[in-house]
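S.K.: Got a structure for you, questions after.
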Amino acid sequence: MSMTSLDYGKYAIFIWPALAVTAAVLAWMVADSLLRARYWQKKVQVLEAARAQPGEKPAP
Amino acid sequence: MFQALANPQRFMAFSRWAAPVLAVIAAGLLGWGLWLSFSAPEDYQQGATVRLMFIHVPAAYMAMFCYACLGAASLVGLVFRHVLADAAARACAPLGAGFTALALITGMLWGRPMWGTWWVWDARVTSVLVLFLFYIGYMALQAAIDDETRAARASGILALVGLINLPIIKFSVDWWNTLHQPASVFRKGGPSLPPEFLWPLGVMALAYMALFGALWLVRIRAEVWRKRAQSLALQAAG
Amino acid sequence: MSGLWILFRRELGQTWGRGGGPVLALTFFACVATLLPLAVGASPARLASVAPGAAWLALALASLLSLERLFERDFEDGTLDLLALGPAPLEAVALAKGLAQWLANGAPLALLAPVVAVALGAGLSLVPMIFTSALIGGLGLSFTGGIGAALSLGSRRGGVLIAVIVLPLFAPPVIFGAGVIDAYASGLDWRPALSFLSAYSLAALALGPLAMAAACRNALS
Amino acid sequence: MITGLHLENLAIRRGERLLFAGLCLDLGAGEALALTGANGAGKTSLLRAIAGLILPHEGWVRFVGARGDLEPEDARSSGIHLLGHQDGLKSAGTAWDELLFQVRWTGGTEASARAACRLLDLERLLELEVRKLSAGQRRRLALARLVASPRSLWLLDEPMAPLDSERRHLFGHLMGEHLASGGMIIAAVHDPLPIPVRRLDLVFS
């Protein structure tokens, strides 16, 4: 496979934005999913820690 | 298989290793796919824009694949009343909407050089647009109902209604398309694709599927934690 | 069967009687048709070409209006509990409500549709076909819309939510409904389009009540 | 015609909370049961679960007729009256129209509706619109439905609340008659009922 030529002539203004948009949307999906998972995981850890040793709050 | 994954603990243990594995596979396939699509020879008629096909067609395919997963998860959630299936459906919709939006945008960017306009009311593009509106409707219904179990069942019913209606909509839009645009303006990218194009297309589609699989598992894990956090907060409130 | 007949007559009364009947929906329909020439200019040639389609679009939007009251009122004042414990299952209740919605709301709209289309420049010869397609399509619109109404029970924003859920589902009836008139106007064979339209409406008639009843049971639980 | 109700190991969950579990109960013809317990303890949910509106988390609701077990669907469509906080009367309709529909829908006739109105002293109110009625009058209109349509199991959610003492006595008498004729009553109440009842206290789990 010869090394591909990366200049697309007059179509370049469509291919690069398409790649950029694809990268952006996929990146957003990955980031949103990971952040959401980490956020709720931390929340559970905090709540379970609070439940383990009640501290000032009366145990239920 | 459903019974095994039904209870959250076993699912969390399974997805803890499955999600990263799928992510690695997705990354590998994505790299390979991109390399393939950029080393494929230029199409004699569409020129370099055929590169766009390699990222548009997999996205459009994923839009429908995600909806099939959404429908399946909703069916399991409604019939077997699995909480995990409801979480799976809830987690799947945003990803499906993301792929559909991606398909529409790359479709426009592909359409501009080929058809001369950003937006053409072509049968497939219109069907993908209706599918996108349907995703929004699904998520809007889910967000509008406060009680989570009721929201899951209501949106599950809507997903099944959609599962029945989307093929009908696809058919009606195709029928409508033949009515208004008898001569097809562009060469249909049908199965007559030369093999050197099928490879990048297939690899990219597999890459998107692996990525979707990984992200779906991650979002379901987030849902399980969210529900766990809610019940912990409820117990703490006493 | 008598229980169902009692319910059907009551639903007709509810939809037709107190709420001013279909006058509101008809007025909305006329307003949309009036705004069209104001928006696109009054040149007969341009209007005539879109007249049947515009009439059908306005019909679909008008049929959305009274959907919110179809289940919401009974859900809020406890009637749905009573209906669930009656001689007929909720599926039959949904069927009665859908038919009442079609007759009390769809039929008057179907009567006005040809008037609107002609006012917008459609040929007089199209009137019977416009009425037929609007009537048959109205059946599908009522039952598919009923599914949206039942699904949005207990949600915060009823009206707009129903529209967002239901409008994508209105694509086939709008396509086939306008397609029938288009084919009839241009002398093509209009039978396929009409049969597709009828198929969609009958499917909605058959499957709609199942989804509506499931949604009602979900909202009641 | 329901002659017996059996709850077996019934558990009901509302969203995240498990209201109660392992509830077993047998109710025979002529028996009444008073449900007591704090608000939110699940009294209304239990009534709605028996009526089939809520799916129990675990356990069974079984109905028994003269000839053995009844299909829950059949039992509920012809044997249960559920009187909740909302009475299902359209405020724009006249009292008689609303009552007539409810009576006919639940198996009664115009004659039985007229008789019920006489019994509950409602004749003067029949032509009024429902929104003009007081809470007590609306509740009597709903009670007229119970009397007019012969159904054996009454599920009542705080039936006495809006009634004044004289009407409570009358309703107590009606409940007595219903039990005497082989009917059954389950009522969620805060203050005691004027009829002999067994008590079931739903403890806040």
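S.K.: First check a/c for the protein assembly as shown, with a ≥ b ≥ c the square roots of the eigenvalues of its C-alpha gyration tensor; if it is under 1.5, answer rounded, and if not, answer prolate when a/b is larger than b/c or oblate otherwise. Present the calculation step by step, with values, prior to reporting the outcome.
M.R.: Numbers: a/c = 2.90, a/b = 1.42, b/c = 2.04.
It comes out oblate by the Cα gyration axes.
S.K.: Here's a follow-up. Rounding to the nearest 10 and keeping the result within 0 to 90°, find how far the Cα-based axis of helix C:23-40 lies from the longest principal axis of chain C.
M.R.: 30 degrees
S.K.: By what distance, in whole Å, do the Cα atoms of region C:79-202 stretch along each of the three principal axes, largest value first?
M.R.: 52, 31, 24
S.K.: Here is a follow-up. Over all alpha-carbon pairs in chain D, figure out the percentage whose distance exceeds 24 Å. Intermediate results must be reported in sequence, preceding the final value.
M.R.: Working: 8431 of 20910 pairs.
Result: 40 percent of Cα pairs exceed 24 Å.
S.K.: Let me ask something additional. Averaged across B:210-218, how many Cβ atoms of other chains sit within 10 Å of each residue's Cβ atom? All intermediate terms of the calculation are to be shown ahead of the outcome.
M.R.: Details: counts 0, 3, 1, 0, 2, 7, 1, 2, 8.
Mean shielding count: 3.
S.K.: I would also like to ask the following. In whole Å, what are the Cα extents of region C:2-220 along the three principal axes, biggest one first?
M.R.: Ordered largest first, region C:2-220 gives principal extents of 56, 33, 28 Å.
S.K.: Just grab the label-to-label distance for B:ARG16 and C:ASP189, each label 7 Å out from Cα along the Cβ direction, in nm (one decimal).
M.R.: Taking the simple label geometry, B:ARG16 and C:ASP189 are separated by 6.5 nm.
S.K.: Specify which residue in the list C:ILE175, C:ILE165, C:GLY53 is farthest towards the positive end of the charge dipole of region C:2-220, using unit charges on the beta carbon of Lys, Arg (+1) and Asp, Glu (-1), about the Cα centre.
M.R.: C:GLY53
S.K.: Same structure again: FRET efficiency for A:ALA31 and C:ALA39, Cβ-Cβ distance as r, R0 = 30 Å, nearest 0.05? Please report the intermediate quantities before stating the final value.
M.R.: Details: r = 42 Å, r/R0 = 1.41.
E(calc), rounded to 0.05, equals 0.10.
S.K.: Pairing the Cα long axis of helix B:83-115 with the longest principal axis of chain B, what angle in degrees results, from 0 to 90 and rounded to the nearest 10?
M.R.: Roughly 20 degrees between the two axes.
S.K.: So if I take the alpha carbon set of region D:84-200, get Rg, then get Rh from the Kirkwood formula, what is the Rg over Rh ratio? Working shown, then result.
M.R.: Values: Rg = 13.6 Å, Rh = 14.4 Å.
Rg/Rh: 0.94.
S.K.: Per the Kirkwood formula on distinct C-alpha pairs, the Rh of region C:1-120 is how many angstrom? Don't skip to the end; give the middle numbers.
M.R.: Numbers: mean 1/r = 0.0634 Å⁻¹.
The Cα-based Kirkwood calculation yields 15.8 Å.
S.K.: Something else now. Checking the table C:LYS97/D:LYS132; A:LYS43/B:LYS227; B:LYS227/D:LYS43 against a 18 Å threshold on Cα-Cα, which pairs fail? Please list the in-between numbers first.
M.R.: On the way: C:LYS97/D:LYS132 27 Å; A:LYS43/B:LYS227 11 Å; B:LYS227/D:LYS43 26 Å.
Check vs 18 Å cut-off fails for C:LYS97/D:LYS132; B:LYS227/D:LYS43.
S.K.: For region C:2-220, give the magnitude of the charge dipole about the Cα centre (Cβ charges: +1 Lys/Arg, -1 Asp/Glu; no others), in debye to the nearest 20. Don't skip to the end; give the middle numbers.
M.R.: On the way: 11 positive and 10 negative charges, 33 e Å.
It comes to approximately 160 debye.
S.K.: I would also like to ask the following. How well do other chains shield peptide D:122-134, expressed as the mean number of their Cβ atoms within 10 Å of each residue Cβ? Display every interim value, and only then the final one.
M.R.: Numbers: counts 0, 0, 0, 0, 0, 0, 0, 0, 1, 0, 0, 0, 0.
Per-residue shielding by partner chains comes out at 0.
S.K.: Based on other C-beta atoms within 10 Å, arrange C:THR15, C:THR27 from fewest to most. Before the final figure, lay out the partial values.
M.R.: On the way: C:THR15 21, C:THR27 13.
Taking fewest neighbouring Cβ atoms as first place, the list is C:THR27, C:THR15.
S.K.: I've got another one for you. Report the Stokes-Einstein translational diffusion coefficient (µm² s⁻¹, integer) for chain B, Rh taken as the Kirkwood radius over Cα pairs, at 37 °C with viscosity 0.692 mPa s.
M.R.: 168 µm²/s
S.K.: Let me ask another. Considering only C:TRP16, C:TRP102, C:TRP56, give the residue with the highest GNM mean-square fluctuation for chain C, with springs between Cα atoms whenever their separation is below 10 Å.
M.R.: Of C:TRP16, C:TRP102, C:TRP56, the Gaussian network model singles out C:TRP16 as fluctuating most.
S.K.: Ok, one more. As a test of understanding, state the convex hull volume per residue of region D:1-90 from its alpha carbons, in Å³. Working shown, then result.
M.R.: On the way: hull volume 10.6 nm³, N = 90.
In region D:1-90, the Cα convex hull volume per residue is 118 Å³.
S.K.: What percentages, rounded to whole numbers, describe P(r) for region C:85-141 computed over all alpha carbon pairs with 10 Å bin width beginning at zero?
M.R.: Going from the shortest bin to the longest, the percentages are 24, 38, 21, 11, 5, 0.
S.K.: What does the structure give for B:224-231 when I average, per residue, the other chain Cβ atoms found within 10 Å of the residue Cβ?
M.R.: Numbers: counts 4, 10, 7, 3, 6, 10, 6, 5.
Counting Cβ atoms of other protein chains within 10 Å of each residue's Cβ and averaging gives 6.
S.K.: Okay, moving on. Just to be sure I follow the definition: excluding the sites themselves, where is the longest run in chain C that has none of the trypsin sites (Lys or Arg not before Pro) in a DSSP loop with at most 13 other Cβ atoms within 10 Å?
M.R.: Values: sites that count: C:ARG156, C:ARG157.
Looking at chain C, C:1-155 is the longest stretch - no exposed trypsin sites (Lys or Arg not before Pro) with at most 13 other Cβ atoms within 10 Å.
S.K.: Using 7 Å Cα-to-Cβ label points, what is the B:HIS180/A:ALA49 separation (nm, one decimal)?
M.R.: For B:HIS180 paired with A:ALA49, the spin-label model returns 5.9 nm.
S.K.: Compute, for the protein assembly as shown, the length of the dipole vector about the Cα centre, with Cβ point charges of +1 (Lys, Arg) and -1 (Asp, Glu) only. Units Debye, rounded to 20. Kindly include the intermediate steps, with their values, before the conclusion.
M.R.: Numbers: 59 positive and 48 negative charges, 202 e Å.
Here the protein assembly as shown has a charge dipole of around 980 debye.
S.K.: Give the cross-link partners of B:LYS170 among the aspartates and glutamates, using a straight C-alpha distance below 15 Å as the criterion and excluding same-chain residues fewer than 8 apart.
M.R.: Straight-distance partners of B:LYS170: B:ASP122.
S.K.: Using only Cα atoms, find the angle between the long axis of helix C:2-12 and the longest principal axis of chain C, and express it within 0 to 90 degrees, rounded to the nearest 10.
M.R.: So the inclination is approximately 50 degrees.
Quick note: the coordinates plus some simple rules give every number you see, no bench work behind them. Predicted model, so just to flag it, every value in this text is computed and none were measured. Don't worry about glycine lacking a Cβ; one is built from the backbone with ideal geometry, like all the others, and counts go over all protein chains shown.
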